[in-house]
Amino acid sequence: MRLNRPKLVAAAAVPLLLLVGACGSSNKPVDAEAKVLDSVTVAGDAKAPTLTLKTKPLTVKKTVTKVVKPGTGPAVTKDEALTTNYLLVNGKDGKQLDSSFGKAPARMDLSSGKLLTGLSKGLLGQKVGSRVLVAIPPADGFATNGNPQIGIGANDTMLFLVDITAAGKPLTQATGTAVKPKAGLPTVVMGKDNHEAAKITVPKSAPPKTTVVQPLIQGKGNVIKAGQLVRFSYTGVIYRNGEMFDSSAKTKEGYAEFPIGVGQLIPAWDKHIVGQRVGSRLLMVIPPADGYGAKGQPSAGIKGTDTLVFVIDLLDAS
């Protein structure tokens, strides 16, 4: 289930850097270089803002911020994921490159280490409810490569307008109401944390011919919708021999993030995870037709006739 990384704000295609320092929540520029943001005019409807640059090109040597509208909520911490709306323009010419306003809110996850470094620096310490301007130099953005696909050159400063509407720590394990599974299904013993794979024991009986989705914990979070980026903690084994072929416990983070319901995952995941609630833990028994099909996945030891078993924690969706 290897995927291309999704949208800009969820996983930037740059080397991962440590977060450095926290920006204040004052609506005054914090240093001389930040005064460049005084030349930016924010206008338009609150739900469809525009940015106008009085001086072009707008360039900075380090990430700087300016609070356009202060919030009254708690300060954002490095282990939180934010619900935001954002507008992106190129500092070179003021051209609008991307916007989530008028669309679905965007998640900016400071806890993942995958957010653009400049956004992490610029939003850390800001208060929920704030509208913030963040100017990001290439070193904190896409570095010397730029991002031609969205119109960012190697020397271009990016300018973001970000509305921070909510913040919270993503789950690290399923949480909710325990559900007693039906008899005859594989049994699960969870690891001590996300870095220890779950142990799945497969029964000696023949596998089911259709996909089985058995909640083990019924979460109480938001309902997952097609097209959302979902954070999973999961382990998968082959029904035939009980051997584990994949687990998010192998990753540095202890979880994985995939877009759901858009054809980038095996059919059973796309079909049956949509409509579930964040916080749920699912046991899924998946026949070949709903898994890797007749070709299987030889590199993982999966034959075209193999049924798969997964235990999946649904940790977040945006």
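Some points to look at:
- Some residue of the range 173-182 being at pLDDT 95 or above, surrounded by fewer than 20 Cβ atoms within 10 Å (Cβ to Cβ) and within 17 Å of LEU119 (Cβ to Cβ): no
- The strands (runs of 3 or more DSSP E) located wholly in the range 239-318 that include 1 or more residues which are under 23 Å from SER111 (Cβ atoms) and at pLDDT 95 or above occupy 244-247, 281-286, 308-317.
- Residue check, PRO208 in a strand (DSSP E or B), at negative phi, touching a residue at least 40 places away in the same chain (Cβ under 8 Å) and touching a Pro at 6+ places or on another chain (Cβ under 9 Å): no
- Sole residue being more than 24 Å from LEU53 (Cβ to Cβ), β-branched (Val, Ile, Thr) and not assigned by TED's automatic domain parsing to the domain that holds TYR234, chosen from VAL188, VAL134, VAL128: VAL128
- Any hit, the range 74-87, residues being closer than 24 Å to VAL36 by Cα, small (Gly, Ala, Ser) and in contact (Cβ under 8 Å) with a residue 24 or more places away in the chain: no
- Cβ-Cβ under 7 Å pairs, at least 6 apart or on other chains, the range 94-118 side in contact (Cβ under 8 Å) with a residue 40 or more places away in the chain, far side in a strand (DSSP E or B) and among the charged types (D, E, K, R): LEU115/ASP109
- Elements of the type strands (runs of 3 or more DSSP E) sitting completely within the range 131-184 and holding at least 3 residues that are closer than 30 Å to PRO70 by Cα: these cover 131-136, 158-168.
- Residues in the range 247-275 that are on the phi > 0 side of the Ramachandran plot, in contact (Cβ under 8 Å) with a residue 40 or more places away in the chain and in contact with a Lys or Arg (Cβ under 9 Å, 6 or more places away or on another chain): GLY275 alone.
- Answer from VAL68, VAL60 - the residue that is among the hydrophobic types (A, V, I, L, M, F, W, C) and either surrounded by 18 or more Cβ atoms within 10 Å (Cβ to Cβ) or closer than 24 Å to ILE150 by Cα (or both): VAL60
One line per residue, one yes/no per condition, for (1) out of contact with any Gly (no Cβ under 7 Å at 6 or more places or on another chain); (2) modelled with pLDDT of 95 or more:
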{"position": "PRO29", "(1), (2)": "yes, no"}
{"position": "THR52", "(1), (2)": "no, yes"}
{"position": "VAL60", "(1), (2)": "yes, yes"}
{"position": "THR65", "(1), (2)": "no, yes"}
{"position": "VAL68", "(1), (2)": "yes, yes"}
{"position": "ALA81", "(1), (2)": "no, no"}
{"position": "LEU110", "(1), (2)": "yes, no"}
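- Some residue of the range 190-200 being on the phi < 0 side of the Ramachandran plot and touching a Pro at 6+ places or on another chain (Cβ under 7 Å): yes
The values are calculated or read from the model by the stated rules, or taken from the named source; none is laboratory data. This structure is a prediction, so every number in the text was calculated from the model and none was measured. We place every Cβ from the backbone using ideal geometry, glycine too, and count neighbours over all the protein chains shown.
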